[in-house]
Structure formats: structure tokens, C-alpha cells
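Visitor: I am attaching a structure below and will ask some questions about it afterwards.
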Amino acid sequence: MEKDVAEKGQLVEVLTPREIVSELDKYIIGQDQAKRSVAIALRNRWRRQQVSPELRDEIAPKNIIMMGPTGVGKTEIARRLARLANSPFLKIEATKFTEVGYVGRDVESMVRDLTELAVSMAKKEEQEIVKSKARELAEERLLDILLPKKSQEVQEEEEGEKERILEVVKSDKTETTTREKLRRMLRNGKLDKRYVELEVANSTMPMVEIFSSAGLEEMEFNVKEIFGNILPTKKKKRRVKIPEAMEIIFQEESQRLIDMDKVIEKAVTITEQNGIIFLDELDKVAGSEFSHGPDVSREGVQRDLLPIVEGSTIATKYGMVKSDHILFIAAGAFNVSKPSDLLPELQGRFPIRVELDSLSMEDFIRILLEPKNALITQYKALLATEGIDLIFEESAVTEIAGMASSVNERTENIGARRLHTVMEKLVDEISFDAPDMAAKSVTINKDYVTDKLADILEDENLSRYIL
């Protein structure tokens, strides 16, 4: 069964829910329920592929809505999930869309974008398979350029460069043939500073814009793609160093070895079976009781979203793609609107709802210290490049967290993002003076934090504008 799954380009190995949560814990503090929900949803993609084909088509993904104030980790969960998911993952804002027939992107474009990502993924996988063969072919082609055949007429400027290379080769008596000597020098990097002239395809092909039937969205097509081989490929000569020439030829050989029909077939399959779309800012398209007239970027978008989330067939330049088994994870603050303001049919298509908690002062302390990419770790690393050893005392960390929490309560609650503004203001002077500082060790304690931020914190008007 595993072989069958692999052949179809589906997930063969996937992390267990506990492992997914463990990975998310390295970067995101708290929000255990949200982590559990996305971990189960991701694991269910793999589980579905293990059941019998008859039942597989009947199992629909359980779409998720994550609700919570800004800065509590909704988008960060999506970003980290994208790296864990061995599948096409697209994050997009619902506010980018307008109803079909109006200026703006239509909702079907997200499935087209997801398919593009899948094609890119499948192409990279195929490139890895043909990598060694392409490297061999590229090396042979480059040697052919460096060693002109007797029948070739070589231009004078090329001849001079090649003669210089051949002189270096002839001085090496250890190898048997000139070509093998040259190959050895190429591999050892002895020719890296030399130049060769290559004929490369002109990358700036003429483009035309047409309108797709779905929402009159502008789509660009390469003229070469439309007319096939009717138009001759334009080539231009480029004089480049040998390492760059090697890379250009390697890419050309890789492209020749890859079967694009196979890549597209695989990409469409993984899009349909394993694709994940993270739909951010869904609350911004929820209807409002105060709105009047046609609302093309709110309720209109919801009406267009409905068939895609339910399952429909979307036309892409790689063929028809079904959205029946694409997993949708939506997120929004829902501070003005609420999930019940969405169309009832759309609500029903997101059966799992998770509420993310607001962050407390204790959470802020953990955010500053615990994640792999913790803010304090980032600032230490940045200033270490100037030879500055930045030391944060425990009292300073507690004071920073307390101040961020206090500003959030008194002004707008922007969650963990408040820590960025507080930290930036705190180390502003050190960052500016770092290159000229004599002292190479700076300790930040509670008094330092109070000295730098207390005046701003006490003045509410200043807090609103600076922190």
C-alpha cells in the first residue's frame, strides 16, 4: 500500500500529532488547543490515505477556524505548520478577494496559486533525482566549450582565453589527456576565475495578458507556451565566469531531463489530496448589520468561498483541480464581528472552532526566553556581530514583560507584537553606539529598563505613539 501511495505523490511519512505539537512548542508559547487541532488535522490527511479507496473519497477534511486577538500566535502557527507539512501550503488573506465580476482577485486564484506551489515542489523533487546526471552532462558541455574541436572556427577573443587555459593544462604532466587534465582542474576550482562565452536563452519572453472566464482575473501566459515551437527560441551570448557557466548549463540540462508531464500530474494529485490553504483575516469578510447595498468584498467573497470550501473543480493552466479534499484553516480576531456573522452555509464548512487565549505577563516572560527564535536570543545574536556581549538579568526580563502587558491593557491589545516595540526602544541606544563602544559587555537590569521606558510608560499619550 505504501508503494501505491508513494507513486501517487501522496504523503508516505508524516509526524504524529504529539510530534507536531512538540515542534510547534519550540516556537509558540501556549495555545495548546489550537496546536492540538492543527496537529490532528494534519495527521488525518495521512490517515485518510491509508483507508480503502472506496471510503477515501467520502472522508472530507474537517476545516478549522482559529479565533483570538491579534498577536497571540494564529499566523505563527500557520507559518510553522507550513514548514512541517510535507504538502503544498498557501497562506493568504481573505481581504485580498472581491466578488466575481468586480475588480480584484477572485477566490479561485488561491487554488491556482496552491497548484503553482505544488508544481514547484514536484519539480524540485525531480531535480534532486536527476541532479547527478545533469551535473555530469553540464561538465561535459563545459569541457566541449573549453576545448574547441579542430573543425570549429573559434573567434579571436575566445581563442586567446582558451589558449591561456590550455597553457596551464599543458604545464601539468601528471594526467594522460588534455581533456582529463582540464576536468581535474575544473573540479579542483583552478579555473574559477576564468571566463567563457555562453549562448543562453533570452529570459525576457514577450507576455500577453488575457482575461480568464472566472472573475475576469488577469492571467499572464508566455507567448512561447501558447504557440509552442512556432516561434524560434531567442538566444543571446553572455560572458561569464566558469562557476556561473557551470550553474547555467546545469539548470538547462536538469530542465531537459525532467519529464514535465509527470511533474504536473504529480503536482495536481498532491494539490487535490494534501493541499492546505490558510485563510487569514476571515473575520474581515464577515457581514455587518450596519452595511447597506452590495458588499462585494465581504458577503460576496463568502458566497464565492462556499463552493470552493465545499468542493468544486477549478480551471488552472495545469488542468482541472478539485478542491474537495483541500484542508482549509481560517483565522481571525473576531473582535468586531463573530463567527455567527458568516453565512450559515460557510459556518457549517468549518466544524472545528478553536479559541486562542490572550497572553498574560507570564506568557510574555516565556516568549522572551523559551522559543528557539526568542526575542532576547535575536538581539544578543545581532549585537554579537559587533563584538558586544548583551546580558539580560532576570529582573530586566520580568520588567520588560510587565511593561508590555501594562501597555496592552491601557491602550490597544496587540499581543506579543508589543514586545517587539518595547525591546526595540530598549536597545535603541546600544544598537546605535555598538560599533564605537569601548565596553564589549552590556548588562541590562531592572534599573536600566525603568530608566529607558518609565517616562514613556507613565505618559499614556506617549505610550500610544511610541510603544
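The values are calculated or read from the model by the stated rules, or taken from the named source; none is laboratory data. Note that the structure is a prediction, hence the values are computed from the model and not measured. All Cβ positions, glycine included, derive from the backbone under ideal geometry; neighbour counts span all protein chains shown.
Visitor: How do the pairs read when you match residues in the stretch 260-286 that are assigned to a helix (DSSP H, G or I) with residues anywhere that are acidic (Asp, Glu), using Cβ under 6 Å and keeping only pairs 6 or more apart or on different chains?
Guide: Val263/Glu126
Visitor: In this structure, is Ile329 over 29 Å from the mean Cα position of the chain (by Cα) and part of a strand (DSSP E or B)?
Guide: no
Visitor: Conditions: (1) within 30 Å of Ala333 (Cα to Cα); (2) touching a strand residue (DSSP E or B) at 6+ places or on another chain (Cβ under 8 Å). Ala416 meets all but one. Number of the miss?
Guide: Against the list (1) within 30 Å of Ala333 (Cα to Cα); (2) touching a strand residue (DSSP E or B) at 6+ places or on another chain (Cβ under 8 Å), Ala416 comes up short only on (2).
Visitor: Tell me whether the stretch 381-402 contains one or more residues that are touching a residue at least 24 places away in the same chain (Cβ under 8 Å) and under 22 Å from Gly68 (Cα atoms).
Guide: Within the stretch 381-402 (the criterion being touching a residue at least 24 places away in the same chain (Cβ under 8 Å) and under 22 Å from Gly68 (Cα atoms)), the answer is yes, since at least one residue qualifies.
Visitor: Separate question: Provide a single number: the residues in the stretch 62-89 that are more than 23 Å from Gly348 (Cβ to Cβ) and touching a strand residue (DSSP E or B) at 6+ places or on another chain (Cβ under 8 Å). Give the steps one after another, and end with the answer.
Guide: Just the residues of the stretch 62-89 that are more than 23 Å from Gly348 (Cβ to Cβ), to begin with: 69-73, 75-77, 79-89.
Narrowing the set further to residues that are touching a strand residue (DSSP E or B) at 6+ places or on another chain (Cβ under 8 Å) leaves 75, 77, 79, 81-82, 85, 87-89.
Residues meeting the conditions: 9.
Visitor: In the stretch 405-442, which residues are surrounded by fewer than 14 Cβ atoms within 10 Å (Cβ to Cβ), part of a loop (DSSP other than H, G, I, E, B) and of a type outside the set (Lys, Arg)?
Guide: Within the stretch 405-442, Glu412, Ala438, Ala439 meet the criteria.
Visitor: State which residue is farthest from His325 (Cα to Cα) when the search covers only the stretch 79-96 and only residues that are surrounded by fewer than 20 Cβ atoms within 10 Å (Cβ to Cβ) and not charged (D, E, K, R).
Guide: Among them, the one singled out is Thr95.
Visitor: Which one of these does Phe328 not meet: (1) in contact with a Phe, Trp or Tyr (Cβ under 9 Å, 6 or more places away or on another chain); (2) hydrophobic (A, V, I, L, M, F, W, C); (3) within 24 Å of Asp447 (Cα to Cα); (4) crowded, with 21+ Cβ neighbours inside 10 Å?
Guide: The one condition Phe328 does not meet is (3).
Visitor: Let me ask you something else. How many residues are surrounded by fewer than 19 Cβ atoms within 10 Å (Cβ to Cβ) and either touching a residue at least 40 places away in the same chain (Cβ under 8 Å) or part of a loop (DSSP other than H, G, I, E, B) (or both) if we restrict to the stretch 341-353?
Guide: As a first pass, look at the stretch 341-353 and keep what is surrounded by fewer than 19 Cβ atoms within 10 Å (Cβ to Cβ): 341, 343-345, 347-348, 351-353.
This time we only want the ones that are either touching a residue at least 40 places away in the same chain (Cβ under 8 Å) or part of a loop (DSSP other than H, G, I, E, B) (or both), so: 341, 343, 351-353.
Number satisfying all stated conditions: 5.
Visitor: Picking from Leu166, Leu182, Leu198, Leu191, which residue would you name as being at pLDDT below 90, farther than 30 Å from Leu306 by Cβ and in contact with a strand residue (DSSP E or B) (Cβ under 7 Å, 6 or more places away or on another chain)?
Guide: Details: Leu166 fails: in contact with a strand residue (DSSP E or B) (Cβ under 7 Å, 6 or more places away or on another chain); Leu182 fails: in contact with a strand residue (DSSP E or B) (Cβ under 7 Å, 6 or more places away or on another chain); Leu191 fails: in contact with a strand residue (DSSP E or B) (Cβ under 7 Å, 6 or more places away or on another chain).
Within the list Leu166, Leu182, Leu198, Leu191, the selection yields Leu198.
Visitor: Could you check the stretch 335-353 and list, in sequence order, the residues that are among the small types (Gly, Ala, Ser) and at pLDDT 90 or above? Spell out how you get there, then give the answer.
Guide: So the first thing to find is which residues in the stretch 335-353 are among the small types (Gly, Ala, Ser), and the list is 337, 340, 348.
Once the filter is applied, which keeps residues that are among the small types (Gly, Ala, Ser) and at pLDDT 90 or above, the stretch 335-353 yields only Gly348.
Visitor: Regarding Lys338, is this residue surrounded by fewer than 20 Cβ atoms within 10 Å (Cβ to Cβ) and either within 15 Å of Met110 (Cβ to Cβ) or touching a residue at least 60 places away in the same chain (Cβ under 8 Å) (or both)? I'd like the intermediate steps shown before the answer.
Guide: On the way: surrounded by fewer than 20 Cβ atoms within 10 Å (Cβ to Cβ): yes; either within 15 Å of Met110 (Cβ to Cβ) or touching a residue at least 60 places away in the same chain (Cβ under 8 Å) (or both): no.
Considered against the rule, which asks whether it is surrounded by fewer than 20 Cβ atoms within 10 Å (Cβ to Cβ) and either within 15 Å of Met110 (Cβ to Cβ) or touching a residue at least 60 places away in the same chain (Cβ under 8 Å) (or both), Lys338 comes out as no.
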